[in-house]
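Everything on this sheet refers to the single structure shown next.
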Amino acid sequence: MRMRMRMKIEKIKDRSILFTTTVPDGWNLNVHLIMGDKYNYIIDTGLGSLNIAPVKEYIKHDNKPIIVINTHYHWDHVWGNSSFPNCTIISHNLCREMMKLNWENMIHENGQHLDGEAELYLPNLTFETELYFPEDRVRIIYTPGHTIDSISVIDEAEKIINVGDNIGDTLDEIIPNIYGEKEEYINTLLTYREMDFDTCVSGHNIILGKQVIEKILNLL
């Protein structure tokens, strides 16, 4: 049976749209769409086929190829991958390995959150440090912190960064769970601080400004 979920669709800037699902037990989950000139970029794929369907519906009349990006391997960011069987799916090298290793356990432990169907569909383009799509001015970089495989996506044209779960889930819990080394997370925050953006999207929180990076550094 499908869980009863509410989804909010919010235009961030001209080409960025945020799809926010409110899960019945009280937390939010973001899927971020960037409609570039050459590609449509879908950042994370949510809780399964039904959860990601509104994003596909939104661009159904747009014939540009879709590029899917997994910010890290956690279940709530990858369960919709199999809804994009003919698309490029990008992640860090470690994300592909960790997704494959943890898939069955993630389904077993968190299956109550599944919205539709989810089959293991691994990223088919992985990288170590950085990827860049110059036609759309979209940059993808390795930013370990929340997990050792975490990556971030920068829309250089609109000065928006998606940091995945490198920002905490709520304003009250702005520091995320850190499953890797704290020092690596701090280095990632320092990298963010030097970057040119004014809008910050994350996996679960509301849309924030760049000042959130300094706030987290001060709290650490």
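The values are calculated or read from the model by the stated rules, or taken from the named source; none is laboratory data. If you're wondering where the values come from, they're calculated on a predicted model, not measured in any experiment. In this analysis, Cβ positions are derived from the backbone assuming ideal geometry, glycine residues included, and neighbour counts consider all displayed protein chains.
Which fully enclosed strands (runs of 3 or more DSSP E) of the stretch 111-180 have 3 or more residues being touching a residue at least 60 places away in the same chain (Cβ under 8 Å) and farther than 18 Å from Ile34 by Cβ?
Hits in the stretch 111-180: none.
So if I check each of Pro54, Pro24, which one is at pLDDT below 95 and surrounded by fewer than 19 Cβ atoms within 10 Å (Cβ to Cβ)?
Pro24
Considering every residue within the stretch 124-131, establish whether at least one is more than 25 Å from Phe197 (Cα to Cα), at pLDDT 95 or above and in contact with a helix residue (DSSP H, G or I) (Cβ under 9 Å, 6 or more places away or on another chain).
yes
Answer yes if at least one residue in the stretch 182-202 is part of a loop (DSSP other than H, G, I, E, B) and touching a residue at least 60 places away in the same chain (Cβ under 8 Å), and no otherwise.
Yes, because at least one residue in the stretch 182-202 is part of a loop (DSSP other than H, G, I, E, B) and touching a residue at least 60 places away in the same chain (Cβ under 8 Å).
Let's see how each residue does on (1) within 25 Å of Pro144 (Cα to Cα); (2) in contact with a strand residue (DSSP E or B) (Cβ under 6 Å, 6 or more places away or on another chain):
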residue: Thr22; (1), (2): no, yes
residue: Gly46; (1), (2): yes, yes
residue: Ser49; (1), (2): no, no
residue: Ala53; (1), (2): no, no
residue: Lys60; (1), (2): no, no
residue: Ile69; (1), (2): yes, yes
residue: His74; (1), (2): yes, no
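Take the stretch 10-40 and flag every residue that is closer than 22 Å to Glu117 by Cα and in contact with a helix residue (DSSP H, G or I) (Cβ under 8 Å, 6 or more places away or on another chain).
Hits for the stretch 10-40 are Phe19, Thr21, Val23, Leu29, Val31, Leu33.
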